[in-house]
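What follows is a single structure, written as structure tokens, with notes after it.
The values are calculated or read from the model by the stated rules, or taken from the named source; none is laboratory data. Quick caveat, the model's predicted, so the values are computed rather than measured. Ideal geometry is used to build each Cβ from the backbone, glycine not excepted, and the neighbour counts take in all protein chains shown. Just the protein is used for accessible areas: all its heavy atoms, side chains included, with ligands, DNA and RNA removed. Shrake-Rupley method; radii C 1.70, N 1.55, O 1.52, S 1.80 Å.
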Amino acid sequence: MTVTIYIPRDSGALALGAEKVAKAVETEISERGLDAKIVRNGSRGLYWLEPMVEVETPAGRVAYGPVKAKDVASLFEAGLGLTTHSAHPLFLGDPEKIPFLAKQTRLTFARCGITDPLSLDDYRAHGGLKGLENAVAMAPADIVKQVTESGLRGRGGAGFPTGIKWKTVLDQTDDRKYIVCNADEGDSATFADRMIMEGDPFVLIEGMAIAGVATGATKGYIYIRLEYPHAVATMNAAIGIARQAGVLGVNVLGSPNAFDMEVRVGAGAYVCGEETSLLNSLEGKRGVVRAKPPLPAIQGLFGKPTVINNVISLASVPIIMDKGAEHYKDFGMGRSRGTIPIQIAGNVKHGGLFEAAFGLSLGEIIDDIGGGTATGRPVKAAQVGGPLGAYFPRALFDTPFDYEAFAAKDGLIGHAGITVFDESADMLKQARFAMEFCAVESCGKCTPCRIGSVRGIETLDKVAQGVERDKNLALVADLCNTMKFGSLCALGGFTPYPVMSAINHFPEDFGPHPMKEAAE
Ligand SMILES: Cc1cc2nc3c(=O)[nH]c(=O)nc-3n(C[C@H](O)[C@H](O)[C@H](O)COP(=O)(O)O)c2cc1C
Ligand code: SF4
């Protein structure tokens, strides 16, 4: 029997040496004359264990990790190329029993790290394409209804109900409509989009095809950030395979529906993740935010009705169309339905992707699942929702992971990235960084963001120097108020969240300093 050895080709695993491990495994197989093959899978998202090598045995898979190339020979001594395994310090046993994986509810990421990302047969064997098969047999309005009833909300940041967006596009009578997938993934601590594009690309293709069938769009674009060359390569290869197999093309799965798609690579601007900037960029223009209205759903790409959804929103649709709206809706709390791939990063012991139903508390995620800080020092703060998200102090760690609960605490879930900081973090520096980030990434279209962020840096620098601290902190609050309510998009509008949360929750980091008179 041929033994299958899985070695991830996901960017995270590659960064940790997976390619060298794969080469070493290949050499051992040939030198030992073993009947074994290597499958390059995606990552399971347990990044502190990557590269994680798995072997298929009659009793199921066993894993080893984190594996370095120098460990490979000893792993073979312990039975890596065989179906029986003896003790090895890197032996992890059944990967699904590792608490970090065992505690998850994997709906969207069900196949990620398990299947061969570029095998459509493997995808089908693990439940793939059932959602699309159901969709092509349904009326578009019924597909939209099912997505609406599932309670799915956009995972890109704003949490807008996906079904309602689709309905707006469906209701337009234009001759051409588009599905645009936002894979710009610019938020700090986020990698869910990349992981699924590299680990299970067909689920995104299936989700986009369903969106096309549901709204009458025949063409899709995936806008992937420049920094994701592996995701670009995997998506391009998967699209070719899907086209060849008739999943894409003039007759999707043999139905009268036409749908095809292409990958477009961004040029590396955070603001190009904002949907209207992204559309400009896709059209070959400068990535500047467009004023709304018109909504992209009515006048989007090339002036035509366009669904713009995040990768995870679209990749969550196949399971909804396969198992039904009720099944998906059963998970979660309040108005946050289904599951969310939480990405735990920063100074944390067990960083990785943890898909769970909404409702876990921030403390459970950071302390129990993440295992606290990597440095072993106490956790001081966590920034949730990327660079525009608020800093949460430990006092707010009982906040459940839910859109409304986070908004009630002046925070946001965003794309569900969490950056953990230990007690050595200087929150004044973090507040300054937020303003600086906004200044660097601003598209420049509106004044509160373009000028406000620069004034914000200068004023926080005065606070740091102890110059008229109270007066300057009041000025920062006033400035944040103007940015929040006067900015055209959430880059300027949400920068006040990290700034004001740092000031309000960690006032000790903003003084007391010796009061100095202003220089002028
Ligand atoms: C400055 C800025 C950057 C953004 N970056 C992203 C991004 O990288 N990926 C993403 O999906 N949404 C991003 N968004 C949100 C998008 O504008 C939009 O809400 C989203 O693509 C809609 O998809 P969804 O409804 O599936 O979340 C960003 C928004 C702003 C204001
Ligand atoms: S808030 Fe900033 S990024 Fe957004 S439109 Fe205004 S200048 Fe551009």
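Taking R0 as 60 Å, what FRET efficiency do you get between Lys103 and Arg32 from their Cβ-Cβ distance, rounded to the nearest 0.05?
Details: r = 37 Å, r/R0 = 0.62.
Efficiency for this residue pair is about 0.95.
In 20 Å bins starting at 0, how do the alpha-carbon pair distances of the chain split up by percent?
22, 52, 23, 2, 0
Quick one: 3J(HN,Hα) in Hz for the range 194-201, Karplus 6.51/-1.76/1.60 with θ = phi - 60°, rounded, Gly and Pro as x.
The phi angles translate into 4, 4, 6, 5, 8, x, 7, x Hz.
Show Trp166, Trp48 ordered by accessible area, largest first, where the area counts protein heavy atoms only and the probe is 1.4 Å.
On the way: Trp166 0, Trp48 70 Å².
Heavy-atom accessible area, descending, gives Trp48, Trp166.
Taking the Cα centre as origin and putting +1 on Lys and Arg beta-carbons and -1 on Asp and Glu beta-carbons, what dipole magnitude results for the range 120-328, to the nearest 20 debye?
On the way: 20 positive and 23 negative charges, 110 e Å.
Computed charge dipole of the range 120-328: roughly 520 debye.
From Cα pairs below 8 angstrom and at least 6 apart in sequence, can you work out the relative contact order of the chain, rounded to a whole percent? List each step's numbers first, then the result.
Working: 1152 pairs, mean separation 68.0, N = 520.
This gives 13 percent for the chain.
Step through the residues of the range 328-344 one at a time and calculate ³J(HN,Hα) from phi using the Karplus curve (6.51 cos²θ - 1.76 cosθ + 1.60, θ = phi - 60°), rounding each to whole Hz and writing x for Gly and Pro.
Whole-Hz 3J(HN,Hα) from phi for the range 328-344: 5, 5, 4, 8, x, 9, x, 8, 9, 9, x, 10, 9, x, 7, 10, 9.
Of Ser281, Phe331, Gly372, whose Cα points farthest to the positive end of the dipole of the chain (charges on the beta-carbon: +1 Lys, Arg; -1 Asp, Glu; origin at the Cα centre)?
It is Ser281, whose Cα lies furthest towards the positive end.
In terms of modelled amide H atoms, which long-range or inter-chain residues lie less than 5 Å from the amide H of Tyr178?
For Tyr178, whose amide H was placed from the backbone, the distant partners under 5 Å are Thr306, Val307.
What is the gain in length, in nm to one decimal, between Lys329 and Ala245 on full extension, counting 0.36 nm per residue of separation less the C-alpha to C-alpha distance?
Details: separation 84, 0.36 × 84 = 30.24 nm, distance 3.17 nm.
Gain on extension, Lys329 to Ala245, equals 27.1 nm.
With all protein chains present, how much of the accessible area of the range 1-97 (probe radius 1.4 Å) comes from carbon and sulfur, to the nearest whole percent?
Working: 2330 of 4250 Å².
Of the solvent-accessible surface of the range 1-97, carbon and sulfur hold 55 percent.
What dipole magnitude, in Debye to the nearest 20, does the range 3-95 give about its Cα centre under +1 on Lys/Arg Cβ and -1 on Asp/Glu Cβ?
Details: 10 positive and 12 negative charges, 38 e Å.
I would put it at about 180 debye.
Helix-only estimate, please: 222 nm mean residue ellipticity of the chain, summing -39500 (n - 2.57) across DSSP H runs of length 4 or more and dividing by its residues, to the nearest 500. Before the final figure, lay out each step's value.
Numbers: 21 runs with 198 residues, N = 520.
Computed ellipticity for the chain at 222 nm equals -11000 deg cm²/dmol.
Set the bar at 20 Å for Cα to Cα. Now go through Lys285/Lys445; Lys409/Lys462; Lys20/Lys103; Lys165/Lys219 and name every pair that lies beyond it.
Details: Lys285/Lys445 14 Å; Lys409/Lys462 28 Å; Lys20/Lys103 31 Å; Lys165/Lys219 17 Å.
In this structure, Lys409/Lys462; Lys20/Lys103 lie more than 20 Å apart at Cα.
Which stretch or stretches of the range 261-277 have amide N atoms under 18 Å from the point lying 7 Å from Asp174's Cα along the Cα→Cβ direction?
261-262, 275-277
Quick one: work out the % antiparallel among DSSP beta bridges in the chain, nearest 5.
Numbers: 29 of 55 bridges.
Here the share of antiparallel DSSP bridges comes out near 55 percent.
Residue farthest toward the positive end of the dipole of the chain, with Cβ of Lys/Arg at +1 and Asp/Glu at -1: which of Ser487, Asn347, Ala137?
Toward the positive end, the furthest listed residue is Ser487.
At 1.4 Å probe size, put Lys70, Lys130, Lys380 in order of accessible surface, largest to smallest.
Lys70, Lys130, Lys380
Quick check for me: using +1 on Lys/Arg Cβ and -1 on Asp/Glu Cβ, what's the dipole size of the chain about its Cα centre, in debye to the nearest 20? Mind dumping the intermediate values first?
Working: 52 positive and 60 negative charges, 181 e Å.
Once rounded to the nearest 20, the dipole reads 860 debye.
For Leu412, list long-range residues whose amide hydrogen, built 1.01 Å from N in the peptide plane, is under 5 Å from its own amide hydrogen.
Ala390
Starting from 0.36 nm per residue, how many nanometres of slack lie between Asp142 and His88 once their C-alpha separation is accounted for?
Gain in length upon complete extension: 14.1 nm.
For the range 418-423, take each phi angle, set θ = phi - 60°, evaluate the Karplus expression 6.51 cos²θ - 1.76 cosθ + 1.60, and give the result in whole Hz per residue in order, putting x for glycine and proline.
After applying 6.51 cos²θ - 1.76 cosθ + 1.60, I find 10, 10, 9, 10, 8, 5 Hz.
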